[in-house]
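Just below is one structure, and these are the notes that go with it.
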Amino acid sequence: MDRFGSSRLRIVWTCVSLLLAGVVLGGVGGFGGDGSQLMIFGSGIPIGFVADDPKAWAVDILGRFIFAVVPAVILLGGIFPLGEWLGAGSRAERFKGLTLGAPMAFAHGLFLSQVAILPLFAASWKLLGNPLAPRILLADTNAVVLGLELLLWSAALGCLLRSNRGLAVILAYGLQEVGRVMAWGGEFLGDLEVSKGLVKLMAFLGRALPSSQLPSDPFAWKALPLSLGLPILLAALLLLLPGKGAKRSRG
């Protein structure tokens, strides 16, 4: 596991997150007045409107933060060490990186991501009265799956763009946007005069590419085998290509 980060990194990361969570617990005082103010360190901060249901507003804001932070931490916490492992000269070592390194990278990123959102769980406790509110957990679950999908797609694309894995990360995020468009087309274009084959293709790509779900969408269990299996299969096929070490040895 030290391949993905030292123990000191994990300790410091945890301490900083706990410190921020403590600041949130001490500083956030809930909603004041008629629900139009957020109380921070005893001062009311207007939230721009008189909320009929300020808790629903808080759930939406916290869910969006979680959906942005968790996938990014999972991806960036493991992709570059994993990419180096997948780029090893030996084919056996490369496949070891895929079968063993990918789960380890995800586990490391998952730990960092859940620790990173401790302040958001603290805010959920202060604003909603429950740090593990159902919609907060749903947003976290969707975010974790998205992070795993981005990690696998970045790893697969990194096997193709071996000289610059940062571009693989950017392309993986680009595929997420493409997946969002494909999922929309597969769901709504069927009611228009559009070819059924095109609609089915868009629906397939919407399930196969990184998740286009919102934090509040129901968890899509049926899409997991395709969305996780396709990048793994693509990475396995690309790993059959000769590595850098093999090219040098032939020279």
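The values are calculated or read from the model by the stated rules, or taken from the named source; none is laboratory data. The structure displayed is predicted, hence computed values, not measured ones. Ideal geometry is used to build each Cβ from the backbone, glycine not excepted, and the neighbour counts take in all protein chains shown. Accessible surface is based on the protein model in full, side chains and every heavy atom, while ligands, DNA and RNA are left aside. Shrake-Rupley method; radii C 1.70, N 1.55, O 1.52, S 1.80 Å.
State the percentage of accessible surface on the chain attributable to carbon and sulfur atoms; use a 1.4 Å probe and exclude ligands, DNA and RNA.
Working: 8970 of 13070 Å².
Reported share for carbon and sulfur atoms: 69 percent.
Compute the Kirkwood hydrodynamic radius of the stretch 134-219, taking the inverse of the mean of 1/r over all pairs of distinct Cα atoms, and give it in Å to one decimal. All intermediate terms of the calculation are to be shown ahead of the outcome.
Numbers: mean 1/r = 0.0722 Å⁻¹.
Radius from the Kirkwood sum: 13.8 Å.
A 1.4 Å probe, protein heavy atoms only, puts the accessible area of GLU177 near 90 Å². P(r) for the stretch 83-180: what percent of alpha-carbon pairs falls in each 10 Å bin, starting at zero? Binned Cα distances yield the sequence 15, 36, 28, 16, 5, 0. The peptide list 56-63, 154-161, put in order of mean Cβ contacts within 10 Å with the highest first, becomes 154-161, 56-63. For the stretch 47-98, what log10 I(q)/I(0) values come out of the Debye formula at q = 0.12, 0.13 1/Å, with one point per alpha carbon and no solvent? Listed by q, the Debye log ratios stand at -0.50, -0.53. When the residues LYS200, LYS222 are ordered by accessible surface, computed with a 1.4 Å probe over the protein chains alone, the sequence from largest down reads LYS222, LYS200. Taking only the C-alpha atoms of the chain, Rg followed by Dmax gives 21.3, 75 Å.
Let me check I've understood the local charge: for ALA208, count other residues with C-beta under 14 angstrom from its C-beta, Lys and Arg +1, Asp and Glu -1. What total comes out?
Numbers: positive: ARG180, LYS200, ARG207, LYS222; negative: GLU149.
So the environment of ALA208 carries a net charge of +3.
Cα centroids of the stretch 61-96 and the stretch 183-237: 22 Å apart. Contact order for the chain, expressed relative to its length and based on alpha carbon pairs under 8 Å spaced 6+ residues apart, stands at 22 percent.
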